[in-house]
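We did not get these values from a lab; they are worked out from the coordinates using the rules stated. Here the structure is a predicted model, which means the values were calculated and not measured. Backbone-built Cβ (ideal geometry, glycine too); neighbour counts: all protein chains shown.
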């Protein structure tokens, strides 16, 4: 049963109205919501950070501080749905943030780093929506590119109000779509998996063997530890190596 069908046929009588009420409550109370874009003093390409399921931008603080220290680049944490909405809708909201950023600042291209579910949002954004217009690189941390069985237990409870849970399951329509969808020419998609990640094991985080895809394993990193690990920070920084004018991708 798809997430949409579950919303309509839930035996508990749950549906769109309840999902919307919960979303509004979470949006009001969620810490670390993204702020309006402001022009950075640095001319270097910005990095956008996307959080994971049942999380918020506040959880990305250690990742932001570490990447700013290593790269010297401006960083923006972006609030997406904590997991109630369709991941495709979340990707469109990030696209709107990019548009707002471009209206206020001289913007050529950006890089995106997504943790867990946020990595699927970033992947859809690059492959389906942006197509290399503004996004050059996407790096994902503990992202279930092949789906994850971990949400299966939560589907019975949260499935009627969470579209994202259905989309994260192995062999979901979205997982299968993204798995083989090619990248825009010259862009890069990097999946970093934690060796101790019990929620999204290395196999589940592995990208298909396609041009521009790259898989990296960091030993000893748990799912949440990916946000704190120094070796992970160094891998992300190396993947987003920023020399102005280098390696721009082009929309297909």
Exercise. With each pseudo-label sitting 7 Å past Cα toward Cβ, what's the residue 92-residue 171 distance in nm, one decimal?
Worked result: 2.9
For this session: Taking only the C-alpha atoms, wrap a convex hull around segment 59-134 and report its volume per residue in Å³ as a whole number.
Result: 95
Problem set entry | 17 Å tail of the calculated P(r), segment 47-99, as % of Cα pairs | 38
Exercise. Just how far, in whole angstrom, is segment 171-239 from segment 92-130 if you go by their alpha carbon centroids?
Worked result: 17
